[in-house]
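Working notes for the structure below.
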Amino acid sequence: MPEVKRLICLCAALLFVLPANAPAEQNLHQAAIASAHPLATRAGFEILKKGGNVFDAAVAVSAALAVVEPSGSGLGGGGYWLLHRADDGFETMIDGREKAPFAARRNMFLDGRDKAIPKLSVDGALAAAIPGMPAALVHLSERYGRLPLAESLAPAIRYAENGFAVGHKFLKLLKTRQQAVRRFASSSRIFLPKGKPPELFSILRQPDLANTLKQIAKSGRDGFYRGDVAAKFVKSVREAGGIWTGEDLESYRAVERRPLKGDYRGIKITSSAPSSSGGIVLIEALNVLSGYDLKPADDTARKHLIVEAMRRAYHDRALYLGDPDYVAVPAERLTNADYAAGLRSSIRFDKALPSVMLAGETELEPEAANTTHFSIIDREGNRVAATLSINFPFGSGFVADGTGVLLNDEMDDFASSAGEGNGYGLVGGAANAIAPGKRMLSSMTPTFLENERGVAVLGTPGGSRITSMVLLAALDYAEGHEPASWVKVPRFHHQYLPDAIQYEPGALSEAEIAGLAAKGHRLMSLPERYGDMQAVLWNKKTRELSAGSDPRGEGLALVGP
Ligand code: GLY
């Protein structure tokens, strides 16, 4: 009912009356948006200026990122949108995670000897799960937005039609996935014009993607999951060796889940619920750390404790977590303070606990930069933290012919064979085994932090390292720092298996490396810095907004009217 929504919007814009019992954070005079691409941030402000609320802006930013940052997310992928509505404090998470097609089978990526067939769950149509992003955007707009969906999608449609200038990050990531993209004429036509990556700052137009966006703008979810567009997906995927059916598409629904809640030293944490592991791993690790005073600890001792907390939380991830519609996830137990106290009792100050004491070992696979995140607070104090993905950079590399939609390779986030790591070296068990119609476990960790100082909205891409990055940022927030600091915190990571501290160049000093090794830690220096955190903060005391975009990326954080 676009007319009704437009009317509501007009009334809101004209009257702009706060209810008597409005929480103090309403009427901030300004809004803050941080996203991984300047055009996406600008799309969000464009929609806010048209009278949209934060949820309309989130639709605009998500759709814009799908066009201008196809390496990280897109209509062919999925994600999680964590929402906070200021006037009644309502919070929810939209789970738009992809689902396995109904014809998927537990062993579909294994050879006759139960070994994973290289690349099968990463490159091409079989690696693609049923996308959730379009359904989630329609849901977000219809349930929570003020503007018609077509208006919120307009900036993305314009970017797809008129094109955008290809940047360094796009080219760098495309080069890592060129082989997969090149396999498909439908993909090469868009991303490898003239048979090679486009020139830096050349204009990339995506007319087929613009048409698919227009179909969604016109017909809502039917514009993607039924009719002509859906038929093109099924035909193209099946011709390329995939297993999608019309029923897979037609039956896809985004669902709402209650966000995970925790508390760290007086900071209220609100984060992603399963089918993402993010919230549980974050809260579990912070619960473990809440038993220590990290401030007076020397740098090595502090990092040792953080690593030991990460090790145990990621261990539970591998053991217990999966799609809550398919497996019983013990979320309450894992996020319980007494449970964390039990974990703490196995932590020694002088010695790392080898992960092999918890379970067996697997080899590390190279990490890929992927996924995207944006954070918004609007002038009414509404918030969205959204982390979106098509998994590996440029997803499966496969564009469904005639749709312009690059499909995800999120099937790789399932545990294909027990104990064998996925593309991020993450292991998982039966809880995250492939099953028809099931959502694969994610690490995406869109998060709100709140205490008497302020309200923070944050998150980042980065595969298995997403949650540990948010953890480090939360600790930085707890120390009183600003978004500009959280987004550039030097990063280190432990995910239980492989049993090693992974760290970006410069994140650990020589003394820390020696000190951690002396405690028995294996250290693994990474070739490059990782992550692309986007964060905003409303400071309750100064009533000011601030925002930070990761200096490792090319994003834009803006505070404005
Ligand atoms: N595809 C990355 C994640 O969901 O964790």
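The values are calculated or read from the model by the stated rules, or taken from the named source; none is laboratory data. A quick note: this is a predicted structure, and the numbers were derived from the prediction, not measured. Glycine also receives a Cβ, built like all others from the backbone with ideal geometry; neighbour counts cover every protein chain displayed. All accessible areas refer to the heavy atoms of the entire protein, side chains included, with ligands and DNA or RNA removed. Shrake-Rupley method; radii C 1.70, N 1.55, O 1.52, S 1.80 Å.
Here is how the numbers come out for the structure above:
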{"item": "Approximate shape of the range 491-561 as ellipsoid semi-axes (Cα gyration tensor, √5λ), whole Å, largest first", "result": "34, 14, 11"}
{"item": "Unsatisfied cross-links (Cα-Cα over 26 Å) in the set 50/99; 99/235; 261/519; 119/235", "result": "50/99; 261/519"}
{"item": "Cα centre as origin, Lys/Arg/Asp/Glu Cβ charges: the range 171-280 dipole, Debye", "result": "460"}
{"item": "Extension gain from residue 524 to residue 182, taking 0.36 nm per residue of separation minus the Cα-Cα distance", "result": "119.9 nm"}
{"item": "Unit charges at the beta carbon, dipole of the range 182-321: most positive-side option, 271, 291, 234", "result": "234"}
{"item": "Over 19 Å [Cα-Cα, the range 174-288], rounded percent", "result": "68"}
{"item": "Dipole-positive endmost among 120, 51, 28 within the chain (Cβ charges, Cα centre)", "result": "51"}
{"item": "Whole-number accessible area per residue in Å² for the chain, which is evaluated in the context of all protein chains at 1.4 Å", "result": "36"}
{"item": "Convex hull volume per residue in cubic angstrom - Cα atoms of the range 46-108", "result": "119"}
{"item": "Cα-based Rg and Dmax for the range 244-287, where Dmax is the largest Cα-Cα distance (Å)", "result": "15.3, 49"}
{"item": "Kirkwood estimate for the chain, i.e. one over the average of 1/r between Cα atoms, Å", "result": "23.3"}
{"item": "Size of charge dipole - the range 262-372 - debye, nearest 20, with Cβ of Lys, Arg +1 and Asp, Glu -1, no other charges", "result": "420"}
{"item": "Test item: Cα-centred dipole of the chain, Lys/Arg +1 and Asp/Glu -1 on Cβ, debye", "result": "720"}
{"item": "Under 16 Å from the Cα of residue 540 - lysines, other chains or at least 8 residues apart", "result": "268"}
{"item": "Rg/Rh for the range 91-136, where both radii come from Cα atoms and Rh is the Kirkwood radius", "result": "1.11"}
{"item": "Cα-based equivalent ellipsoid of the range 248-366: semi-axis lengths in Å, sorted from largest, via gyration tensor", "result": "29, 18, 12"}
